[in-house]
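Student: Shown below is the structure under consideration.
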Amino acid sequence: MLKVILLLLSYLYGSIPFGFIFVKKKKGIDIRKVGSGNIGATNVLRIAGLSTAIISGIFDLSKGLLPVLIGRYIFHFDIYTIFFMGFSGVIGHDFSIFLGFKGGKGVAATFGVVIGLIPTVAFIEVLIFISVLALTKFVSLSSIISFLFAPFVLLIFKNYDLACLSIFLSLLGIYRHKDNINRLRYGIESKFGEKETLKETMIFNPSKENLEKIKKILENGGIGIIPTDTIYGLCANCLDKNLIKKIYKIKKRDFNKPLVLFVKNKSEIEKYAYVDDLAIKIIDRYMPGEITIVLKKKEGCPEVSLKKFDTIAFRIPNNKFVIDILNLIDFPLATTSANISKEETPQNLEGLKDIFYGIVDFIVDGGELGKTPSTVVQVIDGKVDILREGKIKKEDIFKTIS
């Protein structure tokens, strides 16, 4: 029973989100919504500076170290119990009960476990980490390589039990870096030392005198938030690949989901995609409006995703101010809902400012908007599929094309 209680206490201590607490206290912001979104020391460094990051890192390291030291020197448990006490601290950090079973990557906590078990191995792991970091400047890649090497370093020391046990730590650590692995693949992973630079976000009302200002910001590579006929959307020049990457990074968007192209009229859809008779019926009936149409793209169509797709999604929003913007600029807008992936889209200016102020270049205050996104319909080779039902219902669409 004592061992079970200590395992639970180790988990609870590991669950304390020190990075989240320190950044909230110092900056008044939710660290999960800025930078990489991680609560660990690397993201704390980007947001709150070196001193806060060091303190956060030490506390995170203690999540693995303290349970191991307590199990080893106070209760004199066997190596398996000691290991799993430390492992419980790492699990607590990665899946914190105080953050809805979400958390960090567990790098510092894992390092704490290794220090408590075999300090020499911890020293070698630090050398591996520093070497990879010096070569690549990627903390995530350095951590992943260190996780991979940990069991092999333990084998060199002929500690076969711990080498086998460390596989649990390595697999968990690499799994927790799955998003980093994708960001590394697509070139949007942050490098060590890159501090989150907060912008002065401009707030506009949707008036005629602000159109030229918004045009200049978009033409100069800015990212903004605009109201639509459904929800608020992030937007940028679709022809700039770096801006596409930034939107994915800001939103923490799934790499398997492309952005949407906002265009001003049907002619632009026909310019970039193959439009058959069924698609024409849907476009003529529902656009401008609360519908997104996915079509097979033509050569020369803008790439609004990090992965390659042979289809592209279009919207002509039924919002005069957005159409006025599109008529002023020489490019369509790459867009997506203005939220952090898997979280609700804010419905008003205050909600948008809580998440995006200092991150985007401008926000257009369109008042209180709804929560329901557009209906997404795909029309490929004469086949119509409803990918997402929104305000426009499936039966209405099929009635239109029948």
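Student: Once each part is reduced to its C-alpha centroid, what is the distance from the range 109-140 to the range 244-296 in angstrom?
Tutor: Spelled out, the Cα-based centre of one part sits 46 Å from the other.
Student: Right, here's the next one. Could you give me the ³J(HN,Hα) list for the range 228-233, computed from phi with Karplus coefficients 6.51, -1.76, 1.60 and θ = phi - 60°, whole Hz, x at Gly and Pro?
Tutor: Listing the rounded values in order: 10, 7, 10, 9, 6, x Hz.
Student: Could you give the length gained by full extension between LYS3 and GLU389, i.e. 0.36 nm per residue of separation minus their alpha carbon distance, to one decimal place?
Tutor: Values: separation 386, 0.36 × 386 = 138.96 nm, distance 5.10 nm.
Between LYS3 and GLU389, full extension yields 133.9 nm more.
Student: About the Cα centre of the range 1-186, what is the dipole size in debye to 20, counting +1 per Lys and Arg Cβ and -1 per Asp and Glu Cβ, all else neutral?
Tutor: Details: 18 positive and 7 negative charges, 147 e Å.
Around 700 debye, computed over the range 1-186.
Student: Given Cβ point charges of +1 (Lys, Arg) and -1 (Asp, Glu) and nothing else, what value in debye, to the nearest 20, does the dipole of the chain about its Cα centre take? Walk me through the intermediate numbers first.
Tutor: On the way: 54 positive and 40 negative charges, 97 e Å.
Value, rounded to 20: 460 debye.
Student: By the scheme Lys and Arg +1, Asp and Glu -1, what is the net charge of all other residues having a beta-carbon under 15 Å from that of ASN205? Before the final figure, lay out each step's value.
Tutor: Values: positive: LYS208, LYS213, LYS320, LYS353; negative: GLU209, GLU212, ASP324, GLU350, ASP365, GLU368.
Result for the neighbourhood of ASN205: -2.
Student: What is the local net charge at LEU154, summed over the other residues whose Cβ is closer than 11 Å to its Cβ (Lys, Arg +1; Asp, Glu -1)?
Tutor: Details: positive: LYS158; negative: GLU125, ASP161.
Residues near LEU154 contribute -1 overall.
Student: In addition: Between GLU299 and ILE130, what is the FRET efficiency for a Förster distance of 45 Å, r being their Cβ-Cβ separation, to the nearest 0.05? Working shown, then result.
Tutor: Details: r = 47 Å, r/R0 = 1.04.
Once the sixth-power term is evaluated, E becomes 0.45.
Student: Let me ask another. Starting from the Cα of LYS158, move 7 Å in the Cα-to-Cβ direction to define the label point; list residues of the range 78-113 whose amide nitrogen is under 20 Å from there.
Tutor: 79
Student: Please list the non-local residues whose amide H lies under 5 Å from the amide H of ILE359, H modeled 1.01 Å from N, same-chain partners needing a gap of 5 or more.
Tutor: When sequence neighbours closer than 5 places are left aside, the close amide H contacts are LYS199.
Student: I would also like to ask the following. Write down the percent of antiparallel bridges among all DSSP beta bridges whose residues are both part of the chain, to the nearest 5. Before the final figure, lay out the partial values.
Tutor: Details: 22 of 34 bridges.
If we restrict to bridges inside the chain, about 65 percent are antiparallel.
Student: Would the range 122-280 count as rounded, prolate or oblate if I go by the C-alpha gyration tensor, calling it rounded below 1.5 in a/c and otherwise prolate when a/b exceeds b/c, oblate otherwise?
Tutor: Prolate shape, in that a/c is at least 1.5 and a/b is the bigger ratio.
Student: Please compute the modelled spin-label separation between PHE168 and ILE74, points set 7 Å along Cα→Cβ, answer in nm with one decimal.
Tutor: Those two pseudo-labels are separated by 2.0 nm.
Student: Let me ask another. Under 5 Å between amide H atoms, partner at least 5 residues away or on a different chain: which partners does THR292 have, H built in plane at 1.01 Å?
Tutor: Residues meeting the amide H criterion: THR375, VAL376, VAL377.
Student: Hey, another quick one. Could you tell me the extents of the range 202-401's C-alpha atoms along the three principal axes, largest first, rounded to whole Å?
Tutor: 45, 33, 33
Student: Mind checking which helices in the chain clear 24 Å along their axis (Cα) and have mean Kyte-Doolittle hydropathy of 1.6 or more, DSSP H runs only?
Tutor: On the way: long enough: 50-69 (27 Å, 1.42); 119-136 (25 Å, 2.19); 139-156 (25 Å, 2.36); 160-176 (25 Å, 1.32).
Passing helices, by number: 119-136, 139-156.
Student: Here is a further query. Can you list residues whose amide H is under 5 Å from LYS102's amide H, if they're 5+ apart or on another chain and H is modeled 1.01 Å from N?
Tutor: Answer set, sorted by chain and number: SER96.
Student: Let me ask something else. How much length is gained on full extension from LYS245 to ASN220, taking 0.36 nm per residue of separation minus their Cα-Cα distance? Present the calculation step by step, with values, prior to reporting the outcome.
Tutor: Details: separation 25, 0.36 × 25 = 9.00 nm, distance 1.60 nm.
Value of the extension gain: 7.4 nm.
Student: How many angstrom lie between the Cα centre of the range 376-402 and the Cα centre of the range 53-97?
Tutor: So the two Cα centres are separated by 53 Å.
Student: Put +1 on the Cβ of every Lys and Arg and -1 on every Asp and Glu Cβ in the chain; which of VAL263, ILE74, LEU278 then has its Cα farthest towards the positive end of the dipole?
Tutor: Selected residue: ILE74.
Student: ³J(HN,Hα) across the range 264-271 via Karplus (A = 6.51, B = -1.76, C = 1.60, θ = phi - 60°), whole Hz, x for Gly/Pro?
Tutor: 8, 7, 5, 4, 5, 4, 5, 5
Student: Here's a follow-up. As a test of the formula, what do you get for the chain when each DSSP H run with n ≥ 4 contributes -39,500 (n - 2.57) and the sum is divided by the residue count, at 222 nm and rounded to the nearest 500 deg cm²/dmol?
Tutor: Working: 17 runs with 202 residues, N = 402.
So the calculated ellipticity at 222 nm is -15500 deg cm²/dmol.
Student: Is the range 277-330 rounded, prolate or oblate when judged by the Cα gyration tensor, a ≥ b ≥ c being the square roots of its eigenvalues, rounded requiring a/c under 1.5 and prolate requiring a/b larger than b/c?
Tutor: In terms of gyration-tensor shape, oblate.
Student: Please state the shape class of the range 1-186: rounded when a/c is under 1.5, otherwise prolate if a/b exceeds b/c and oblate if not, all from the C-alpha gyration tensor.
Tutor: Values: a/c = 1.88, a/b = 1.22, b/c = 1.55.
It comes out oblate by the Cα gyration axes.
Bear in mind that the values in this text are calculations on the coordinates, not laboratory data. These figures come from a predicted structure and were not determined experimentally. We place every Cβ from the backbone using ideal geometry, glycine too, and count neighbours over all the protein chains shown.
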